[in-house]
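Undergrad: Okay, handing you the structure first.
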Amino acid sequence: MERNQTALVLGATGGIGSSIAAALLRRGWRVRGMARNVAAARTTGPARIEWVEGDAMQRADVVRAARGASIIVHAVNPPNYANWDKLVLPMIDNTIAAARKVGARIVLPGTIYNFDPATTPVIGAESPQRPKSRKGAIRVALERRLEQAAPEVPSLILRAGDFFGPGVRASWFAQAMVSPGKPLRRIVNPARGAGHSWAYLPDLAETFARLVEVPERLKPFEVVQFEGLFDDDGTKMIEAIRGVAGRELRVYGFPWWLMRLAAPFGGFPREAAEIAQHWRHPVRLDNCRLVELLGEEPRTPLGVAVRSTLASLNCLGATSQPFAGQTA
């Protein structure tokens, strides 16, 4: 019997949602996206998406958009990442209701903020979730809802580190390490300890697409870790940026002290201060289950991935050339 390859992607205009949608389209899926402003979505989302109007906070909209879908990619976040405590859980409840109605599997990009990095140096499917931030606690509650809905509503969580890659604007790479739209002059390193875990978005999206094509191998509630780049000593990403730039670049520390001082006033400083520990204690994601399911984890050479990312951010001048330290 021919497999149903219709996907609803919630959040298809965002970085992770649009990347998953594009990966599914490349592999022959029919992809539907839901957006409050369909006209705007058509100009920003991947080509060949079938757009329908709707709001992830409206259950009837999500159920209507999910008709005929075998998977629902839940890659939607509150606008401007505000009001998480009011919006995140109602949105996943609506997605669960829609998946139950149409018989679809929910696919969720997971985060590392569910864990205490000081006590969990390696994250696996069974690692205890002890979040230290408000958003982390909400993500734990979100995942618990998916676990409770299984097996009636099957789900797949693919957990990864911080994103980088083309189209990723809201990221530590794009918003802290380099300055979008400006030639590379320096690198700001947010790491306060040895290193960090990174996920190149095209590789992560390809992994999502491959996993949903083997539903018979997945558990009703499947949690898989994407290893990506584990920068254990904190130098690999910096040297890759320098390699693409073709010259030495000075490295400056991120002003965490300023984030702590400004945190009481809310906004970005408060959000940054809450997750500062994830830059002090490097965490590796154990991808053994992923390799068991797929045979390998998709991996673009780091130099290629960083060059693609910097080019999309308009950080490379015409004279940018590799130098001896470039990572392949």
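Undergrad: Suppose only helical runs count, i.e. DSSP H with n ≥ 4. What mean residue ellipticity at 222 nm does that imply for the chain under -39500 (n - 2.57) per run, divided by all residues and rounded to the nearest 500 deg cm²/dmol?
TA: Numbers: 12 runs with 120 residues, N = 328.
Here the helix-only value at 222 nm equals -10500 deg cm²/dmol.
Undergrad: Here is a follow-up. Would you list, by chain and number, the lysines whose Cα falls below 22 Å from the Cα of K132, excluding same-chain residues fewer than 8 positions away?
TA: Counting by Cα, and skipping residues close in sequence, K132 has these lysines nearby: K86.
Undergrad: For the chain, take the longest principal axis of its alpha carbons; what is the angle in degrees between that and the long axis of helix 302-312, to the nearest 10 within 0 to 90?
TA: That works out to roughly 80 degrees.
Undergrad: I would also like to ask the following. Net charge near R48, counting Lys/Arg +1 and Asp/Glu -1 over other residues with Cβ under 12 Å of its Cβ?
TA: Values: positive: R26, R30, R32, R42; negative: E50.
With Lys, Arg at +1 and Asp, Glu at -1, the net is +3.
Undergrad: Next up: Could you tell me the calculated FRET efficiency between V38 and F265, based on Cβ-Cβ distance and R0 = 41 angstrom, to the nearest 0.05? Walk me through the numbers on the way to the answer.
TA: Details: r = 37 Å, r/R0 = 0.89.
The calculated FRET efficiency here is 0.65.
Undergrad: Follow-up. Largest first and to the nearest Å, give the Cα extent of the chain along each principal axis.
TA: Projected onto its principal axes, the Cα set of the chain covers 55, 41, 40 Å.
Undergrad: Here's something else I'd like to know. How tilted is helix 84-102 with respect to the longest principal axis of the chain? Cα atoms for both, answer in degrees (0 to 90, nearest 10).
TA: Relative to the chain, helix 84-102 is tipped by roughly 40 degrees.
Undergrad: With axes computed from alpha carbons, what is the tilt in degrees of helix 236-245 against the longest principal axis of the chain, rounded to the nearest 10 within 0 to 90?
TA: Approximately 70 degrees, to the nearest 10.
Undergrad: Here's another thing I want to ask about it. Can you check what the net charge comes to around P301, using other residues whose Cβ is under 13 Å from the Cβ of P301 (Lys, Arg +1; Asp, Glu -1)? Please report the intermediate quantities before stating the final value.
TA: On the way: positive: K236, R299, R307; negative: D203.
Summing Lys and Arg as +1 and Asp and Glu as -1 gives +2.
Undergrad: Find the relative contact order for the chain and round it to a whole percent, using C-alpha pairs within less than 8 Å whose residues are 6+ positions apart.
TA: Values: 655 pairs, mean separation 57.9, N = 328.
About 18 percent, as a whole number.
Undergrad: Given H placed 1.01 Å from N in the peptide plane, which residues other than close sequence neighbours of N189 have an amide H under 5 Å from its amide H?
TA: HN-HN under 5 Å from N189: Y252, G253, F254.
Undergrad: What ratio of Cα Rg to 2.2 N^0.38 Å holds for the stretch 175-296?
TA: Numbers: Rg = 17.7 Å, N = 122, 2.2 N^0.38 = 13.7 Å.
Against the empirical 2.2 N^0.38 Å value, I get 1.30 for the stretch 175-296.
Undergrad: For the modelled label position 7 Å from the Cα of K86 along Cα-to-Cβ, which residues of the stretch 55-69 have backbone nitrogen atoms closer than 16 Å?
TA: 56-58
Undergrad: If you don't mind, another one. Local charge sum around F115 (other residues, Cβ-Cβ under 11 Å, Lys/Arg +1, Asp/Glu -1)?
TA: On the way: positive: R130, K132, R139, R159; negative: D116.
That works out to +3.
Undergrad: Multiply the residue separation of Q5 and A125 by 0.36 nm, subtract the distance between their alpha-carbon atoms, and state the gained length in nm to one decimal. Can you show the working numbers first?
TA: Details: separation 120, 0.36 × 120 = 43.20 nm, distance 2.69 nm.
Taking 0.36 nm per residue and subtracting the Cα distance, the gain is 40.5 nm.
Undergrad: I would also like to ask the following. Would you work out the charge dipole size for the stretch 1-140 about its Cα centre, treating the Cβ of every Lys and Arg as +1 and the Cβ of every Asp and Glu as -1, and quote it to the nearest 20 debye? Walk me through the intermediate numbers first.
TA: Working: 20 positive and 9 negative charges, 40 e Å.
The calculation lands at about 200 debye.
Undergrad: Taking the alpha-carbon set of the stretch 1-146, what are its Rg and Dmax in Å?
TA: Reported Rg and Dmax, both Å: 15.7, 49.
Computed from the coordinates by the stated procedures, all read-outs in this text should not be read as laboratory data. As the structure is a computational prediction, the values presented were derived from the model and not from experiment. Glycine gets a Cβ as well: all are built from the backbone with ideal geometry, and neighbour counts include every protein chain shown.
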